[in-house]
Amino acid sequence: MREELAFGRRADHTGEELLPRDQAQRNEDASLLQDVYVLREEPRAATVADETALDEYVLAWGRTDEDPQALTALLREEVLLKTYPRSVEQLAPLVADKQDPSALRLLARVCEAKNDYDRAIALLTDAIRMAPDDVAALSILARVYAKRDGEAAAVPWHERILEVNPKVRASRVFLARWYYAQGQYAAALPHWERLFLRERQNRVCELYWLLTTIHCYGIRGLEKRLAAVQSWQDLTAQERSLLHELFLLVGKHRLQEGELDLAEQALRFALRLMPAREGERLLAEVKQRKKEVGQQARQPSPLRTREQQNTADLDTFIASWALAVYEEDRRKRFTIAKRLGVIAVILLAGAGGLWSYRQFRPTWHSVAFWKSLPFLRLEERTGAAGKAVALPSAPAGISRGETGE
């Protein structure tokens, strides 16, 4: 009921229903208020717009007890607009005494509609003093400051609104757009990022987020998202304009990084969306750079020749050094192998001698052994006269029985 009255609208009720009262406690001035309530939807209600009727109305309301419905009925926007500025001048002190921020906001909107920005700011300042976290009053104040002094004057108030309530989308959009228009991309990025995370399907928010991100950090890591954006269909005029701006920026960054083919693709796509002199200039610069690169490849500069010569000298040095290292390593390995071969021969010879000794060890202490020796054979040592050659005596400790004699 009060919301309907605050905007000057009411259901089909009588004045008694809107203003319940006890006849014993009401005076004649209260009956005047009742007459106004009853007449306000009839043709005679237009008399309320008359300044004399307004004066009587305000005077009667001031002499009655504090009835909120009476003030609500009086604070009708159409009535205030018709009787402006006297309505605001007469009602502002009454509203201020009642400490009613909502009534002050209504009066401020009337002043804003009449382009009386100074008075509107004064009323809203009083409302914020009564309720420092009144987001509605802060929003109206930011709008009035933007109309009077420009959008820059409204920035602190929108920042204040987001401090009170971070979910106010209008203030976040205002700050994101304003910072982006001023080239303050680092300040705009958190706002666009917050909007994009909350509204994934909003193409405008995504395009602004991509633009601010590229301005701040470049293209790296955004290739897949850029490819997805490039395939969008059914673009609106705003989306087409932002997409054109985005790929002009992408082409410019690719050109600065020397990626000429990717820069040309991005710029051609941007020009297909919307012709622009900046895009044509950048595309011509890409073609010129590609032509210069081709010429340099066919006719190397002296600097490039010197670099190539240095590279060739370095390659020759590395090859000769590697060959020397290989030869030295080979010589060391051959020396080690030769030494190991000699050691192996000595070991084999010793092993062979030991095996032969054990295999054919003779009984050198027997007479048969001594007889078997060539230089002691009896037949060869017997002379023509048949004289026998004396045999050497057996070693000490050996008896003849042991020798078979």
Check your understanding: Each residue of region 95-104 in turn: what ³J(HN,Hα) in whole Hz from Karplus with 6.51, -1.76, 1.60 and θ = phi - 60°, glycine and Pro shown as x?
Key -> 5, 5, 5, 7, 6, 10, x, 5, 5, 5
Check your understanding: What percentages, rounded to whole numbers, describe P(r) for region 138-275 computed over all alpha carbon pairs with 5 Å bin width beginning at zero?
Key -> 2, 10, 18, 20, 17, 14, 9, 7, 4, 1, 0
Review point. Hey, got a sec? Which chymotrypsin sites (Phe, Trp or Tyr not before Pro) in region 196-292 land in a DSSP loop and have at most 15 other Cβ atoms within 10 Å?
Key: 232
Check your understanding: Tally Lys and Arg at +1 and Asp and Glu at -1 over the other residues with C-beta under 14 Å from the C-beta of residue 336: what net charge comes out?
Key -> +4
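Only the coordinates and a few stated rules stand behind these numbers; no lab work does. All values reported here derive from a predicted model rather than from experimental measurement. Because the Cβ atoms are built from the backbone with ideal geometry, glycine has one as well, and the counts that use them run over all protein chains shown.
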